[in-house]
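Engineer: My questions all concern the structure below.
The values are calculated or read from the model by the stated rules, or taken from the named source; none is laboratory data. These numbers were taken from a predicted model, which means no experiment stands behind them. Positions of Cβ are generated from backbone atoms using ideal geometry, with glycine treated the same way; all protein chains shown enter the neighbour counts.
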Amino acid sequence: MSSTSNLPAVSGDTVSALIASGAAALTAAGVAFGHGTATAEDEAAWLVLWRLGLPLDSELDPGTSESIANQAVAHDQQALVATLFEERIRSRKPAAYLTHEAWLQGVAFYVDERAIVPRSFIAELLADGSIDGWLSDQTCEVLDLCTGNGSLAVLAAMAWPEVCVTGADISPDALAVAHINVERHALKERVRLVESDGMQALPGPWDLVLCNPPYVNAQSMSGLPAEYRAEPELALAGGTDGMDFVRALLKDLPARMSPQAVLVLEIGNEKAFFEAAFPDLPVFWLDTSSGDEQVLLITAQALQAWAEGRRWI
Ligand SMILES: C[S@@+](CC[C@H](N)C(=O)[O-])C[C@H]1O[C@@H](n2cnc3c(N)ncnc32)[C@H](O)[C@@H]1O
């Protein structure tokens, strides 16, 4: 744990002053971002607004945003904000583990240390319709493999009201968090949660498989900032080249997909490892806000042909 004693306390008598002071404190402390925010300013705004029970900026028109920024904050509330920043800096936990809330595509999810903080780029593809063209009238059974807190399963059910979604994970702890989110979004009738090691308890056939698996390679794992080490290691570590889970998945999946199915797979910054592990596999790289090297799509036909050693055109 890091000491906060030599850092200036977060202070300010308006919302905007607290955000500026909080951002300066986060920067001075050298905390790591990447769990829903990318900058000290965004993270400070999130923490201040959450602690004061105010709506997040993105939900507001500019006039309301400005009046909230100028709002006076009472001394006891200022103290609560300062304590939250101290905890963030001392514990090095991602902010979402302190607020127990993470947002994906404008949808709020519960999260705690039992599950990784959701931040999958597949969420963007579900919200912007990028996957829709790969589906058909027959698309019915959707699997979110490695569901974690269930966020992608919930977003898939929201995106396609006519499909049935299964969220699966090896971790009973993560599934307990996923149950909270499925209930929170009133999707118990349409989202089923299953404990499974890879595809073991998931015979299918599946029409669409979404998967954000553990894919961080061993060298990267050893250099992760504390914020990432606060998350379950099982959710991140993918073995020496990061591809242990993906290797097993690509072996097991062909027999469990319907003929027109597709797999949408996130691999983070591991494209080089992916291509080295699966050099002949024909994939489509999908565009997200992080570029076109993090999420890929494979058709069942291509996967089947690849598994049988046939060339697929
Ligand atoms: C990167 S997290 C993704 C969580 C969630 N889909 C998201 O995007 O926030 C990977 C998840 O895979 C799960 N996992 C790890 N090994 C697994 C396995 N062999 N079978 C099923 N799930 C596994 C972890 O428990 C973790 O919840």
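Engineer: When the stretch 145-161 is examined, which residues are found to be of a type in the set (A, V, I, L, M, F, W, C) and either within 6 Å of the ligand (Cβ to nearest atom) or in a helix (DSSP H, G or I) (or both)?
Structural biologist: C146, L152, A153, V154, L155, A156, A157, M158, A159
Engineer: Take the conditions modelled with pLDDT of 95 or more, in the same structural domain as Q294 (by TED's automatic domain parsing) and either in contact with a helix residue (DSSP H, G or I) (Cβ under 7 Å, 6 or more places away or on another chain) or of a type in the set (V, I, T) (or both) and apply them to I131. Does it pass?
Structural biologist: Answer is yes for this residue.
Engineer: Are any residues in the stretch 253-284 farther than 23 Å from H35 by Cβ and under 19 Å from the mean Cα position of the chain (by Cα), and if so, which ones?
Structural biologist: Matches in the stretch 253-284: L263 only.
Engineer: Pull up the stretch 36-66, narrow it to residues that are surrounded by 11 or more Cβ atoms within 10 Å (Cβ to Cβ) and among the small types (G, A, S), then point me to the one that is nearest to A9 (Cα to Cα).
Structural biologist: Among those residues, the one meeting the criterion is A44.
Engineer: Select, from P172, P118, the only residue that is touching a strand residue (DSSP E or B) at 6+ places or on another chain (Cβ under 8 Å), within 6 Å of the ligand (Cβ to nearest atom) and assigned by TED's automatic domain parsing to the domain that holds D197.
Structural biologist: Of the residues listed, the single one that is touching a strand residue (DSSP E or B) at 6+ places or on another chain (Cβ under 8 Å), within 6 Å of the ligand (Cβ to nearest atom) and assigned by TED's automatic domain parsing to the domain that holds D197 is P118.
Engineer: Are any of the residues in the stretch 60-67 outside any helix (DSSP H, G or I) and in contact (Cβ under 8 Å) with a residue 12 or more places away in the chain?
Structural biologist: no
Engineer: If you check every pair at least six apart or on different chains, which have Cβ atoms under 8 Å apart with a residue in the stretch 150-172 that is within 13 Å of R192 (Cα to Cα) first and a residue that is of a type in the set (K, R) and more than 9 Å from the ligand (Cβ to nearest atom) second?
Structural biologist: So the pair list comes out as A157/R190; V163/R190; C164/R190; C164/R192; V165/R190; V165/R192; T166/R192; G167/R192.
Engineer: Considering the stretch 60-101 alone, what residues qualify as being at pLDDT 95 or above, within 20 Å of A23 (Cβ to Cβ) and touching a strand residue (DSSP E or B) at 6+ places or on another chain (Cβ under 7 Å)?
Structural biologist: Hits for the stretch 60-101 are A72, V73, A96, E101.
Engineer: Still on this model: Would you say R247 is within 13 Å of the ligand (Cβ to nearest atom), surrounded by fewer than 21 Cβ atoms within 10 Å (Cβ to Cβ) and basic (K, R)?
Structural biologist: Taking the combined requirement at face value, the residue satisfies it.
Engineer: Moving to a separate point now. If you check V81 against the conditions, is it assigned to a loop (DSSP other than H, G, I, E, B), aliphatic (A, V, I, L, M) and surrounded by 16 or more Cβ atoms within 10 Å (Cβ to Cβ)?
Structural biologist: Taking the combined requirement at face value, the residue does not satisfy it.
Engineer: While we're on this one: Answer yes or no: is there a residue in the stretch 126-140 that is surrounded by 16 or more Cβ atoms within 10 Å (Cβ to Cβ), in a loop (DSSP other than H, G, I, E, B) and among the aromatic types (F, W, Y).
Structural biologist: no
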